[in-house]
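A.B. asks: Below: one structure in structure tokens.
The values are calculated or read from the model by the stated rules, or taken from the named source; none is laboratory data. Keep in mind it's a predicted model, so treat the numbers as computed, not measured. Ideal geometry is used to build each Cβ from the backbone, glycine not excepted, and the neighbour counts take in all protein chains shown. For accessibility, only protein heavy atoms count, side chains too; no ligands or nucleic acids. Shrake-Rupley method; radii C 1.70, N 1.55, O 1.52, S 1.80 Å.
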Amino acid sequence: MEKYDYVEVIDYDETVGLNLDEFIGAEGMIINIDNRGDFPIEVCFFNKELQDKVLYNGCIHWKENELEVI
């Protein structure tokens, strides 16, 4: 995966303490990859309500195995 790839959420790590079920199937674009942490990928979602939730929670980041390039 690379910056600016279009992706779909296919899974999430339940240990983060957030219920992210509503993000399954959501589509967006990778806007940043920071390989220094466990969740390196930042996605900007096309659905405004989901993107607002990402920002409200202080940016939700993803692992590569939680996303699929579309």
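A.B. asks: Just need a number here: residues in the range 30-53 that are part of a strand (DSSP E or B) and under 13 Å from Glu64 (Cα atoms).
C.D. replies: Qualifying residue count for the region: 6.
A.B. asks: Filter the range 1-13 down to the residues that are touching a helix residue (DSSP H, G or I) at 6+ places or on another chain (Cβ under 8 Å) and under 14 Å from Val69 (Cα atoms), then identify the one that is least open to solvent (accessible area, probe 1.4 Å).
C.D. replies: Among residues in the range 1-13 that are touching a helix residue (DSSP H, G or I) at 6+ places or on another chain (Cβ under 8 Å) and under 14 Å from Val69 (Cα atoms), the one least open to solvent (accessible area, probe 1.4 Å) is Val9.
A.B. asks: Collect the residues in the range 14-46 that are open to solvent by 70 Å² or more (accessible area, probe 1.4 Å), more than 22 Å from Glu2 (Cβ to Cβ) and in contact (Cβ under 8 Å) with a residue 12 or more places away in the chain, keeping them in residue-number order.
C.D. replies: Kept after step one, since they are open to solvent by 70 Å² or more (accessible area, probe 1.4 Å), are these residues of the range 14-46: 14-15, 19, 21-22, 24, 27, 35-36, 38, 46.
Right, trim to more than 22 Å from Glu2 (Cβ to Cβ) and you get 14-15, 19, 21-22, 24.
Selection gives Glu22, Ile24.
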